[in-house]
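See structure below.
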Amino acid sequence: MTENLAPLYTQHLATLRERADQALAIGGFDRLLIAAGTPLNKFLDDQDFPFVSNPHFRHWLPITDAPGSWLVYAPGAKPKLLFVQPRDYWHVVPAAPSGYWVEHFDIEVVRSQADAVAALPRDGRNAVIGPACPSIEGVEANNPQPVLDYLHWHRSYKTPYELALMRKANRIGARAHRAAEMAFRNGQSEFGIHMCYLAAARQIDAELPYASIVGLNEHGAVLHYTHFDRRPPAVHRSFLIDAGASCAGYASDITRTYAADRAGEFQALIDSVDTAQRGFAAKVRAGQSYPELHIHAHHVLAGVLREHGFIRMGEEEAVASGVTSAFFPHGLGHPIGIAVHDVAGFQQSERGGSIPRPEGHPYLRMTRVLEPGMVVTIEPGLYFIDMLLDELRANPAARDVDWARVDAFRPYGGIRIEDDVVCTGGEPENLTRDAFAAL
């Protein structure tokens, strides 16, 4: 079902204005100036990298391709958009703003970034949020920390409007994942699978929220594998895909793993990780410490390793000795929203501060306690990574590892399963599983 975005956006904007009012008061500023940003230049070239707008700008406006534009907001005043629509026959000129959101803004169309900067108010104290590189001529991107701390903290709590966009991003991603699985089962190369994914998502690489990971066989053991072999392997054994989609600047982040032999031992291992992952997602509830959930995941995955004959030790010993970290070396997940790895995952309060990671878990990307409105990924994994397994051999606990069985699974690479999950006041909402179920 398609949600009516107009009333949701009205509520969303009212929430952002309340947050901005408070952030400006805390920082002692009169006005918020938010830059959309400009494309980064390639070194010693006259071309730019694909443009990615400032997430603070996208938080207010559902437009992702307005380089050089600015948002101006002062408490009690209607927000103003300085929209750059250049006179240009070399590129596609951004269309004039339209849609359910425009009535809420005073919109001034200008012809260049310089014109937009010239139209910015200079009186009073302005809190400017934007990139310092490349520099914004005539404007200091001061990014005041008290203002950012407050805005980032409250960005953790998604509005109904934001959740509606994230549901759509998950539906797009789930559709593309199904196409990718079909391409894998049809024997295509990593590059061919990726092309099928893009076609089904109807998004090009630059529009995706992050670079897709498409790994066949042992490539599934490379956590950020983005190579894309052009030729299919001699044998298709396994397939790991970590790929998302975008909707009005909001992200989905989805990972699935498949076995070519649906009745084999690797499929059985996938099924066990999938069951564990569903259990972790069910614990995305108010009051749940995310680091404690991560540690819990290590204990459960230790049981999976033992059940499938990789280790002979108990769960506590496997975790305490670091054995599980050799098979599951990354964090359980991260906040997600307007950014894939969204802000404030470690923040202590709306005034800043940082909550440290638990000892021995350096790659965990969130240390907060879950609260209603937060959206996090849940992405446990089990991998057969040569470097980490070679290090594990030096661990005294290696005597309780069945190395012959480990070696037999190295050609499959690894398993990761990832969903985007909303913490609510009750049962969690699994955006990703819901999207797959609706196909």
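Read-outs: derived from the displayed coordinates by stated rules, not from any lab. Everything numeric in this text was worked out from a predicted model, so none of it was measured. All Cβ positions, even for glycine, are placed from backbone atoms using ideal geometry, and neighbour counts span all protein chains on display.
Things worth noting here:
- For Rg and Dmax of the Cα atoms in Å, calculated from these coordinates, the label among (i) 23.6, 78; (ii) 23.5, 72; (iii) 21.2, 66: (ii)
- Simple point charges give the picture: +1 on the Cβ of Lys and Arg, -1 on the Cβ of Asp and Glu, and for the range 75-161 a dipole about the Cα centre of about 180 debye.
- Amide H to amide H distances under 5 Å link S238 with N217, A260, where only residues 5 or more positions off or on other chains count and H is placed in the peptide plane.
- Whether the range 29-166 is rounded, prolate or oblate, judged on the alpha carbon gyration tensor where a/c under 1.5 counts as rounded: rounded
- Distance between the range 244-315 and the range 331-358 - C-alpha centres, whole angstrom: 21 Å
- The range 333-439: C-alpha gyration tensor shape, a/c 1.5 cut-off, then a/b vs b/c: oblate
- Whole-Hz ³J(HN,Hα) from phi, Karplus 6.51 cos²θ - 1.76 cosθ + 1.60, for the range 337-347, glycine and proline x: x, 5, 10, 5, 9, 6, 6, 6, x, 10, 5
- Taking the helices alone, the chain has a mean residue ellipticity at 222 nm of -10500 deg cm²/dmol, built from -39,500 (n - 2.57) per DSSP H run of at least 4 residues and averaged over all its residues.
- Computed from phi, the 3J(HN,Hα) profile of the range 411-417 under the Karplus parametrisation 6.51, -1.76, 1.60 (θ = phi - 60°) reads x, 8, x, x, 10, 9, 10 Hz, with x in place of Gly and Pro.
- Charged-residue dipole, Cβ positions (Lys, Arg, Asp, Glu), the range 1-156 about Cα centre, Debye nearest 20: 260 debye
- Simple spin-label estimate for Q267 and R405 in nanometres, 7 Å along Cα-Cβ: 2.0 nm
- Net charge of Cβ neighbours under 14 Å - reference L40; Lys, Arg +1; Asp, Glu -1: -2
- Under a 5 Å amide H cut-off, with hydrogens placed 1.01 Å from N, L332 pairs with R365 among residues at least 5 apart or on other chains.
- Overall, the anisotropy analysis places the range 282-377 in the prolate class: the square-rooted eigenvalues a ≥ b ≥ c of its C-alpha gyration tensor yield a/c not less than 1.5, with a/b exceeding b/c.
- Farthest towards the positive end of the charge dipole of the chain, among the residues I385, I336, W90, is the Cα of W90, using unit charges on the Cβ of Lys, Arg, Asp and Glu.
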